[in-house]
Amino acid sequence: MSEQADLAYAGLSAAARGRGAAGAAKPRGAKAAPGRKKGRQSRPPKPRERATASDLARKQRDISVSEFFAKNRHLLGFDNPAKALLTTVKEGVDNALDACEEAGIAPDVRVEILQKSESRFRVAIQDNGPGIVKSQVPKIFGRLLYGSKFHRLRQSRGQQGIGISAAGMFGLLTTGKPVKIVTRTGRGKPAQCFELVIDTRSNEPKVRRDEIVKWDPPHGTRVEIELEGSYRGGQHSVDAYIRQIALANPHAQIDYLPPAPPSKAPQNKAGKAAAQKAPAPQAPELRRFPRVTKELPPETAEISPHPYGVELGVLMQMFRDTGSRNLRGCLQADFSRVSGRLADEICERAGVRSNRKPAEISRAEAERIHQAIQQTRIMSPPTDCIAPIGEALLEKALRKEVSADFYATLTRRPAVYRGNPFLIEVGLAYGGALSAEEPISVYRFANRVPLQYQQGACAITKAVSGTDWKSYQMQQPRGALPVGPMVLMLHIASVWVPFTSESKEAIAHYPEIVKEMRLGLQECGRRVAIHIRRRRREADEAKKRAYIEQYIPQVAVGLQEILGFANKERDSVVAKLTDVLKRSRKL
Ligand SMILES: Nc1ncnc2c1ncn2[C@@H]1O[C@H](COP(=O)(O)OP(=O)(O)O)[C@@H](O)[C@H]1O
Ligand SMILES: [Mg+2]
């Protein structure tokens, strides 16, 4: 396989590569400017030739989805090197956890990051999931918008089908290296190894290597992607992500092998690093996040869309695609919570016969049906399609990760936005070693995936800063996050999480969602306020007691002087008074 050829597939000409991976135009030299200025003064500018309609027609071309996302990579979370590394890890881990859970396997996920040079990394994500059927591998990893989750309403981490293939495409664009996949679907089956690239022009995979290899795990998948990236610490780091993913997935075991720490070169007398005797790089340290529970999250059902959430255009498309022969059957079979009786009611209200062929329904009729749906009372969608983390497990996971004095967790009952069921969970840790002087830390999660970027744009942040924390004994600058020793964790679980963009970084501000979050925060706020008040009372009491305690020996000495006690009696007075004080002012 030649790297040259792969870059050509990625839509990069040799000239573009010369200008850097992003193909940024070379800035014009400052020298050119005065010349142009001079020219303008002496000659009137030539009128620009205008394109005709047929000129434009010649330029019209289809745009493949991968060409679009290669140019707009920021939409997918590849806008800077540090984020690109995080997004790649994230997409791989999302898929690993989804696949294991769908197959009913307790996930063992391994993440390895190998630093190949200053700005180049090789990321490997391995799972013990069901593996991938050979014929599907090229499409999954070499084609954008291909996946098993988009056309269904079921709680999962991935939804759009652009996760892992986009990471592979970014790797190819920045390093020219193909994605490597090893997968096995069960004992007795061969392990298959693929190397493939995405042809961005056609959004089709090109397989570079396809062979059977020796691989020990009985089933699972390993994906390796090489990319230009940057490994950093802090709130947006891969390390923070791994800690948070372990927090929200107490049933998973995560092994994490970060890049080797930079070797400390010995200094010579002049203070310069002794280059010739460079020490071997320090061995990276495997970090294991063991599972807190062996139990998998409850299996969630796939649901049909709820009629209230369906837009007119979607409704018309559903009429065209349905397998039902008449309108009544279609409404009943393709939507949730529509019985035969209810379907008749909708048809009657819309003035459309219930035995009409769905494909023949006109736009005007569809519009009447759409309106009739909104006017009909239909039960809320079923909510067994959502699996919360659960209050007990959330607390167990929080206790393991955050050392604090007080913990509160809450799982709210499911609610509905735009016809989609969703559920909010809140976890809170307060006090202990947490810093009291800074704004609280907010951990945001959607379907158990940590969200690390775009905090300001997220409905979760809005709900937290919109809650009145002063009434819960905390400081809060107006309209901002409260200040105090607290970690807050908010989780939204839904069959369709409304992200603000394809990179899945922030939750859209649906009023129903913000309201549920507020209610959850208020309940946890009340509980933490009780704790804070009690702690304050205890502190006050301890202060008073210490104050009184100071005077007890003086009182005893005074009594000794007045009444002529022996030292023994004086000491017994001290003991008695101390005892009375303890009993009367209980902490
Ligand atoms: N590790 C894996 N094990 C099994 N199947 C996988 C794995 N990774 C990806 N897949 C399959 O490939 C599809 C596409 O993945 P992806 O591009 O990340 O999109 P999405 O996760 O949004 O569906 C998934 O829907 C899933 O069916
Ligand atoms: Mg995915």
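The values are calculated or read from the model by the stated rules, or taken from the named source; none is laboratory data. Small disclaimer: the values here were computed from a predicted structure and weren't measured. Every residue, glycine as well, gets a Cβ built from its backbone with ideal geometry; the counts of neighbours run over all protein chains shown. Heads up: the accessible areas ignore ligands, DNA and RNA and are worked out on the full protein's heavy atoms, side chains in. Shrake-Rupley method; radii C 1.70, N 1.55, O 1.52, S 1.80 Å.
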Condition first: within 26 Å of residue 117 (Cβ to Cβ), more than 16 Å from ligand 1 (Cβ to nearest atom), without any contact (Cβ under 8 Å) to a residue 40 or more places away in the chain and of a type in the set (Asp, Glu). Can you find one or more residues in the stretch 69-84 that meet it? yes
Selection count, the stretch 222-237, where residues are over 19 Å from residue 177 (Cα atoms) and touching a strand residue (DSSP E or B) at 6+ places or on another chain (Cβ under 7 Å): 1
Looking at the stretch 110-168 only, could you name the residues that are part of a loop (DSSP other than H, G, I, E, B), without any contact (Cβ under 8 Å) to a residue 24 or more places away in the chain and either closer than 25 Å to residue 203 by Cβ or polar (S, T, N, Q) (or both)? 146, 147, 148, 150, 151, 161
Looking for whichever is out of contact with any helix residue (DSSP H, G or I) (no Cβ under 7 Å at 6 or more places or on another chain), open to solvent by 30 Å² or more (accessible area, probe 1.4 Å) and near ligand 1 (Cβ under 8 Å from one of its atoms) here; the options are 115, 160. Which one fits? 160
Subset of the stretch 169-210 that is small (Gly, Ala, Ser) and not in a strand (DSSP E or B) - its residue that is most open to solvent (accessible area, probe 1.4 Å): 188
Collect the residues in the stretch 208-267 that are touching a helix residue (DSSP H, G or I) at 6+ places or on another chain (Cβ under 8 Å) and among the aromatic types (Phe, Trp, Tyr), keeping them in residue-number order. 231, 241, 256
Subset tally (residues that are of a type in the set (Lys, Arg) and open to solvent by less than 10 Å² (accessible area, probe 1.4 Å)) for the stretch 326-345: 0
State yes or no: is residue 465 open to solvent by 10 Å² or more (accessible area, probe 1.4 Å), of a type in the set (S, T, N, Q) and closer than 24 Å to residue 90 by Cβ? no
Residues in the stretch 133-140: is at least one within 20 Å of the chain's Cα centre (by Cα), more than 8 Å from ligand 1 (Cβ to nearest atom) and open to solvent by 10 Å² or more (accessible area, probe 1.4 Å)? no
In this structure, is residue 102 of a type in the set (Asp, Glu) and surrounded by fewer than 23 Cβ atoms within 10 Å (Cβ to Cβ)? yes
Qualifying position, being crowded, with 18+ Cβ neighbours inside 10 Å and either more than 30 Å from residue 305 (Cα to Cα) or over 18 Å from the mean Cα position of the chain (by Cα) (or both), among 89, 93: 89
Just a yes or no: is a residue in the stretch 131-147 within 12 Å of ligand 2 (Cβ to nearest atom), on the phi < 0 side of the Ramachandran plot and of a type in the set (S, T, N, Q)? no
Qualifying strands (runs of 3 or more DSSP E) (wholly inside the stretch 394-501; at least 1 residues being within 21 Å of residue 523 (Cα to Cα)): 406-411, 415-417, 420-430, 441-446, 486-494
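Yes or no, residue by residue, for (1) modelled with pLDDT under 95; (2) away from ligand 1 (no atom under 13 Å from the Cβ):
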| position | (1), (2) |
| --- | --- |
| 166 | yes, no |
| 179 | no, no |
| 191 | no, yes |
| 195 | no, yes |
| 201 | yes, yes |
Residues of the stretch 552-563 satisfying the condition of being surrounded by 11 or more Cβ atoms within 10 Å (Cβ to Cβ) and not polar (S, T, N, Q): 552, 553, 555, 556, 557, 558, 559
Answer yes or no: is there a residue in the stretch 58-65 that is more than 25 Å from residue 127 (Cβ to Cβ), of a type in the set (Ser, Thr, Tyr) and open to solvent by less than 60 Å² (accessible area, probe 1.4 Å). yes
Checking the structure you have, find out if any residue of the stretch 536-551 is open to solvent by less than 80 Å² (accessible area, probe 1.4 Å) and free of Cβ contacts under 8 Å to residues at least 24 places away in the same chain. yes
Failed criterion for residue 386 (all others in (1) open to solvent by 30 Å² or more (accessible area, probe 1.4 Å); (2) not in a helix (DSSP H, G or I); (3) not polar (S, T, N, Q) hold): (1)
For the stretch 346-361, check the following and say yes or no: at least one residue is open to solvent by 40 Å² or more (accessible area, probe 1.4 Å) and within 30 Å of residue 248 (Cβ to Cβ). no
Evaluate the following for residue 120: is it modelled with pLDDT of 90 or more and away from ligand 2 (no atom under 16 Å from the Cβ)? yes
Please go through the stretch 42-68 and pick out each residue that is within 38 Å of the chain's Cα centre (by Cα) and free of Cβ contacts under 8 Å to residues at least 24 places away in the same chain. 60, 61, 62, 63, 68
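Okay, residues lined up against (1) touching a His at 6+ places or on another chain (Cβ under 6 Å); (2) at negative phi; (3) at pLDDT 95 or above:
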position	(1), (2), (3)
399	no, yes, no
411	no, yes, yes
435	no, yes, no
454	no, no, no
460	no, yes, yes
467	no, yes, yes
472	no, yes, yes
Starting from the stretch 174-194, keep only residues that are free of Cβ contacts under 8 Å to residues at least 24 places away in the same chain and farther than 14 Å from residue 218 by Cβ, then list their pairs with residues that are in a strand (DSSP E or B) and among the hydrophobic types (A, V, I, L, M, F, W, C) whose Cβ atoms are within a distance under 8 Å, requiring at least 6 positions of separation or different chains. 193/181; 193/182; 193/212; 193/213
